[in-house]
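Chemist: Here's a structure for you.
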Amino acid sequence: MHTPMRIPTLLLAGGLLGLAQQPFSLSLVQVTSDHSSTPVLYAVSNAIYRSSDWGATWTPVYVLEAGLPQPAVNELVVDPSHPPTLYLATTLASGGVWKSGDGGASWRRANSGLPTGTGEVARLFATPLPAALYAQIGNQLYKSTDGAASWKLQSTLPAGGKLVVAPSLPATMFFARMLSIYRSRDEGASWQFMAELRPASECDSITAVGVDAQDPTMAYALRCGCTVSIIQDGVFYR
């Protein structure tokens, strides 16, 4: 008999934000605070934007000098233990991973140990305890324990899917492939099948996967950008 499931509130962000009278489609927001009264917001839409007035105004964040071609933005991560520290995931040709220690005012490459050539850092995760970074490049998982000063190959992932790391228990990871969810409890060294989502006529694959910030047994799967499925300890609920 299963314990009654706790269903937390989910918040989805979307829509258009205006910047210099040119709307851009919001794909990611990172909110951080440096212990001041107003948090800092970061938005990503093929570039990085920063707001310190609750989104009333936005200013671009440049990795390279303004006017030069900027690295593609695959993901932006805020250090959970030191919010002014940012990490950027991009293509390997553009550096793979970049790091800023001053809220995006200046950047440096942080890719020692990562492969070079073609490919890209598709996913990037930062965990507070223990402090670590995880980077997904194809079906390879790299880990850094020194703030991206160096990287080491951690494990090989299943092919062709989406990875997420549990914030409260980094050794626990989830991997979505087509309509299947897999879980690892040893930082990706081995994987166990959790659940197969029910097929839907309008969508035959998972478009995004997440994990509860407090409960590492609970995963969320998004199909077609609108249908959320919940899996807890291998039990499919929705």
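Please treat every number below as a calculation from the coordinates, not as lab data. Because the structure is a prediction, the values reported are computed rather than measured. Cβ sites come from the backbone with ideal geometry, for glycine too, and all protein chains shown count toward neighbours.
Chemist: Which of the residues that make up the range 48-77 are surrounded by fewer than 18 Cβ atoms within 10 Å (Cβ to Cβ) and not in a loop (DSSP other than H, G, I, E, B)?
Modeler: Matches in the range 48-77: 59, 60.
Chemist: Going by the conditions given, is residue 167 within 15 Å of the chain's Cα centre (by Cα) and assigned to a loop (DSSP other than H, G, I, E, B)?
Modeler: Criteria met by residue 167.
Chemist: Is it the case, given these coordinates, that residue 146 is farther than 15 Å from residue 89 by Cβ, touching a residue at least 12 places away in the same chain (Cβ under 8 Å) and not polar (S, T, N, Q)?
Modeler: Judged against the criteria, residue 146 is not a match.
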